[in-house]
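Below is one structure, written out as structure tokens; the observations come after it.
The values are calculated or read from the model by the stated rules, or taken from the named source; none is laboratory data. What you see is a predicted model, and the numbers here were worked out from it, not measured in a lab. Glycine also receives a Cβ, built like all others from the backbone with ideal geometry; neighbour counts cover every protein chain displayed. Quick note on the areas: whole protein, heavy atoms, side chains included, nothing else; ligands and nucleic acids left out. Shrake-Rupley method; radii C 1.70, N 1.55, O 1.52, S 1.80 Å.
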Amino acid sequence: MDSLESLRQKVISGIGWTTLNRISEQGLKFGISVLLARLLTPEAFGLIGMIVVFTGFASLFADAGFGAALVQREEIEERHLSSVFWLQAGLGILLTLGLAGAAPLIAQFYGEPLLEVLTMFVAIQFTFESMATVQTALFRRKMDFRKITIVKLVATVTSGGIAITLAVLDYGVWSLVWQTVVNTAADVTAVWILSTWSPRFIFQWQAIRELASYSTNLLGFNTINYWTRNSDDLLIGRYVGSSGLGIYNRAYDTMMLPIHLIRGVIGEVMFPTLSRLQDDVDHVRRVYLRATRTIGFISIPMMCGLMVIAESFVLALFGPKWEAVIPVLQVLCLIGIKQPVSSTTGWLFKSQGRTDLMFYWNLVVSTATVLSFVIGVQWGVLGVAIAFTIRGYLLHYHGIVIPGRLIDLSFGEFHRNLAGIAGCSLIMMALVFGFGVILPPTWGHWSRLFVQVPFGMIVYWGLAHGFGLKAYHEALDLLLEEWEKRVRSDTAE
């Protein structure tokens, strides 16, 4: 077991590498998506979105929860690693064959004949994907986030470059299909190059069973959670069409970009960290509250600001053919204010080994979510966004209380931890909106962005400093500590 100081240094180092990973990976992905959005139509993105609904589900079985089980388990042996590898390799081949066989049914379901050949091609990725589960889990277990960063950057740059080239050459939706397959292949290739572990010819069902109690509950949770989260795409693609799905996905992905960036940086490190501390509930609670403060300090003002500048943001970056994204994005920002911090409760379920409780609670969440999408789709894409947002706030109380009991965390303590951040964010949001109103109406969207975004950042920094937000000072202390460490290291050399 790592000492607390050693673990702390790994956390700090891990956050540094995952920050670099997320900023560079998400920044590259966003830049690539902007270019592709200008080169391709909403219909093209809608078609690939229809396929992703099913390929994303199949991806769950390419991992089957065993990756997380290898990270969470205190002691693992070679028999666990090799047995999981060979099981996953077999599953990957079966998933490729299964999805290819289901391609005609998927095309028929959506009423889009082109989806048949597109789905068959995309299915190839699962043969590759399953070959990297164990190595990636070992990177996370050892908190070796430098290698994970390298892997993700290689995959993003390679697949993005191919997609843009094909889009310029007028290959349409095939640009996005090739991007998906190449991203997986490049990811797996980089993992094998960087990993020092390789499988042995060992397979024991006993080793699989020892991991299965954790992984099965997690797979059950992920399966229900996946179809819950993607039933909106399924319904929109089926009843609204590819163009509507392209609009909705553009709004949703834009809203989720800062969420993936911020929560992903902390979350990549928190799961293995809290797993190491799982027997010390008080310590887990303190670490968890600090992590949610850090996430909320950045994500809440980003969502508030994005809601205000949505029109200029969408039209400046994506162009007028994506104008229908604006109201959908603004509604989704309402749920985006709370989602980055409230969704971190999954760390508590998993790190405390209570994936069973997570599974049962998710049954309730899933039922409410699917019902909201079924109701919302009657009013099109915007209706789905509104229904999803309302559902999120109706379930919020129990979504905090149930996992909070695992670490003696109350609903009130969770929100007091974020109250100052929310207050500063709302003040900033109001001032940015007012500032936008007084700007000359002749200004273009790029001009408004270049003025309103820095104004909002300065206002929020001033409020955080003036009110002495705890998260603000914790961030400054961490930066100062890292700076002093670098200075001492340079002086010693």
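List of remarks:
- Placing +1 on the Cβ of every Lys and Arg and -1 on the Cβ of every Asp and Glu, with nothing else charged, gives the range 133-192 a dipole about its Cα centre of roughly 460 debye.
- Computed about the Cα centre, the dipole magnitude for the chain is approximately 420 debye when only Lys and Arg (+1) and Asp and Glu (-1) carry charge, each at its Cβ.
- With a simple spin-label model that places each label point 7 Å from the Cα along the Cα-to-Cβ direction, the separation between Ile202 and Glu413 comes to 4.1 nm.
- Phi-based couplings in Hz for the range 77-84 (Karplus 6.51, -1.76, 1.60; Gly and Pro marked x): 10, 4, 5, 5, 5, 5, 5, 5
- The chain: Rg to Rh, with Rh as the Kirkwood radius over Cα pairs: 0.95
- Extended-chain gain in nm, criterion 0.36 nm per residue less alpha-carbon gap, Asp282 and Trp446: 54.2 nm
- Under the Debye formula (equal points on every Cα, no solvent term), log10 I(q)/I(0) of the range 115-186 at q = 0.23 Å⁻¹: -1.00
- Accessible area per residue (1.4 Å probe, heavy atoms of protein chains only) ranks Trp178, Trp227, Trp461, Trp379 as Trp379, Trp461, Trp178, Trp227, with the largest value leading.
- Between Arg141 and Glu75, the contour length at 0.36 nm per residue exceeds the alpha carbon distance by 22.7 nm.
- Residues Val122, Val240, ordered by accessible area of protein heavy atoms at a 1.4 angstrom probe radius and largest first, appear as Val240, Val122.
- The range 371-404 versus the range 102-160: alpha-carbon centroid distance in Å: 29
- Taking the Cα centre of the range 84-216 as origin and assigning +1 to Lys and Arg Cβ atoms and -1 to Asp and Glu Cβ atoms, the resulting dipole is close to 720 debye.
- Per residue, the average separation of C-alpha pairs within less than 8 Å and at least 6 apart gives the chain a relative contact order of 19 percent.
- Contour minus Cα-Cα distance for Glu116 and Phe57 (0.36 nm per residue): 19.5 nm
- Per residue, the chain reaches -28500 deg cm²/dmol at 222 nm when only DSSP H runs of four or more residues are counted, each adding -39500 (n - 2.57).
- Karplus (6.51, -1.76, 1.60) ³J(HN,Hα), θ = phi - 60°, over the range 301-313, in Hz, Gly and Pro reported as x: x, 5, 5, 4, x, 5, 4, 6, 9, 3, 4, 5, 4
- Two-site FRET efficiency, Glu43 against Trp192, from Cβ-Cβ distance with R₀ of 30 Å, rounded to 0.05: 0.25
- Accessible surface of Met120 - all protein chains present, 1.4 Å probe, nearest 10 Å²: 80
- Global form of the range 384-471, assessed from the alpha-carbon gyration tensor, a/c cut-off 1.5: oblate
- Selected from Met256, Leu394, Ile236, residue furthest toward positive end of dipole (the chain; charges at beta carbon): Leu394
- Rounded Å value of the spacing that divides the Cα centres of the range 305-356 and the range 63-77: 30
- Taking only the C-alpha atoms of the range 29-152, Rg followed by Dmax gives 17.3, 50 Å.
- Taking all protein chains together, Thr196, Thr254 sort by accessible area into Thr196, Thr254, largest first [probe 1.4 Å].
- Rounded to the nearest Hz, the phi-derived 3J(HN,Hα) couplings of the range 27-34 under the Karplus curve 6.51 cos²θ - 1.76 cosθ + 1.60 (θ = phi - 60°) are x, 5, 4, 5, x, 5, 5, 5, where x marks glycine and proline.
- In the chain, lysine pairs with alpha-carbon atoms under 28 angstrom apart (chain gap of 8 or more, or interchain): 24
- Relative contact order %, the range 278-364, counting alpha carbon pairs below 8 Å whose residues are six or more apart: 31
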